[in-house]
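Where a number appears in this text, it was derived from the coordinates with a stated rule and is not lab data. A quick note: this is a predicted structure, and the numbers were derived from the prediction, not measured. Positions of Cβ are generated from backbone atoms using ideal geometry, with glycine treated the same way; all protein chains shown enter the neighbour counts.
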Ligand SMILES: NC(=O)c1ccc[n+]([C@@H]2O[C@H](COP(=O)([O-])OP(=O)(O)OC[C@H]3O[C@@H](n4cnc5c(N)ncnc54)[C@H](OP(=O)(O)O)[C@@H]3O)[C@@H](O)[C@H]2O)c1
C-alpha cells in the first residue's frame, strides 16, 4: 500500500517508516526536512497523490499552550483537507491516553493534542486515533528538558510507559486495518499502554544512573486540578486498553547496554 507518514523522521514516525518499508510498502515521509511543511501547507497535496492511509506522528517543542494548539490544530486541519482532496481512505493519528480527562490549561502539550483530536475528527476523512501512554523514553526527555544542575524536580506521578517500537507496530496494524476496510466506524479510538505502573521519579533515577549522571531527583507536587488528576492516574491505561511491548527495565537494558559496552571497551 502507499502510506504517508507525517512526522516520519521523528522518534515514533521513523520506526513506522522502517516497518512499512521493510515489508515493501511505498512510503511518503511528510516532514519539513523532506520538503513538506504541513502547517504552511507546502508540498502537501503533491505528496498525498495516490496515498491510501496517512499516519500522523508529528510533534514540536513549544513554550505555550497556544503554540501547541496552533501547531496540532493546523496539522490536523491541513491533513484533513489535503487527504480529502487526494481521496485518502483514513487518517491514523497518534495521541495520548487520558488527555481529554484533564480539562484545558493544565499541560500545554496536552492542550495541543486535544485540539488535534478535535480537528481531525471534525474533518470528512474517516479517522482512527491511537492513544498511547508516555513512552519509556519520557524519563530521559524530562532530564534533557528539566535537569540543569545536580538537583532535578520531578512531578510526583504514576506512569505506565510503553515501548515506542510497540507503538509503531500498533500504528502499522491500524493502517493495515484502515487500508483493508477492516474498520467499521468512521471514528475509531483505541488506547494502548505498557505493562507496568511505576513512579516517574524512579524511572528518571534509573535513566540518570544508566547515563552515568549524578542527579538528585526530588519528587514535587505540581499545583492545580490537572496535576491532581495526573497524580490520581488519569494518564494510566483504562481497563479496555491493549497492553503492548516490553517493560521499562528491558528497554533500559537495550537502550543503554550497547553505548555503555562500547564506551568501556574503547
Ligand atoms: N513522548 C511521549 O511520551 C508520547 C506519548 C504518547 C504520544 N506521544 C505523541 O507522539 C507524537 C510523536 O512524538 P515524537 O517524539 O516521535 O516526535 P518527534 O521525534 O519530535 O518528531 C516530530 C516529527 O514531526 C515533524 N514535524 C514537525 N513540524 C512539522 C511541520 N510543520 N510539517 C511537517 N512535519 C513536521 C518533524 O520533522 P521536521 O522537523 O523535519 O519537520 C518530525 O518528523 C507526538 O504527537 C506526541 O504527542 C508522545
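Observations
- Beta bridges by DSSP in the chain, antiparallel share as percent, to the nearest 5: 10
- C-alpha long axis of helix 11-22 to longest principal axis of the chain, angle in °: 50
- Percent antiparallel among DSSP beta bridges (both partners in the range 2-150, rounded to 5): 5
- With Cα atoms, 0 to 90° folded angle of helix 248-265 axis to the chain main axis: 70
- Across the chain, Cα pairs under 8 Å and at least six residues apart give a relative contact order of 19 percent.
- Judged by the gyration tensor of its Cα atoms, with axes a ≥ b ≥ c, the range 98-174 is oblate; a/c meets the 1.5 cut and b/c is at least as large as a/b.
- Inter-part distance where the range 219-254 and the range 1-53 are each reduced to a Cα centre, Å: 29
- Neighbour counting of Cβ atoms within 10 Å sorts the residues 235, 252, fewest neighbours leading, into 252, 235.
- Between 24, 104, 123, the GNM of the chain built on Cα springs shorter than 10 angstrom shows 24 fluctuating the most.
- Prolate/oblate/rounded label for the range 106-253 (Cα gyration tensor, a/c 1.5): prolate
- Helical contribution to [θ] at 222 nm, DSSP H n ≥ 4, -39,500 (n - 2.57), averaged over the chain, rounded to 500: -13500 deg cm²/dmol
- Per-residue Cβ neighbour rank within 10 angstrom, fewest leading, 232, 109: 232, 109
- A simple packing score, the average count of other Cβ atoms within 10 Å per residue, orders the peptides 216-223, 75-82 as 75-82, 216-223, with the highest score first.
- Three-way shape call for the chain based on the alpha-carbon gyration tensor, with the a/c threshold at 1.5: prolate
- Nearest 10 degrees, 0 to 90: helix 108-122 Cα axis against the chain principal axis: 20
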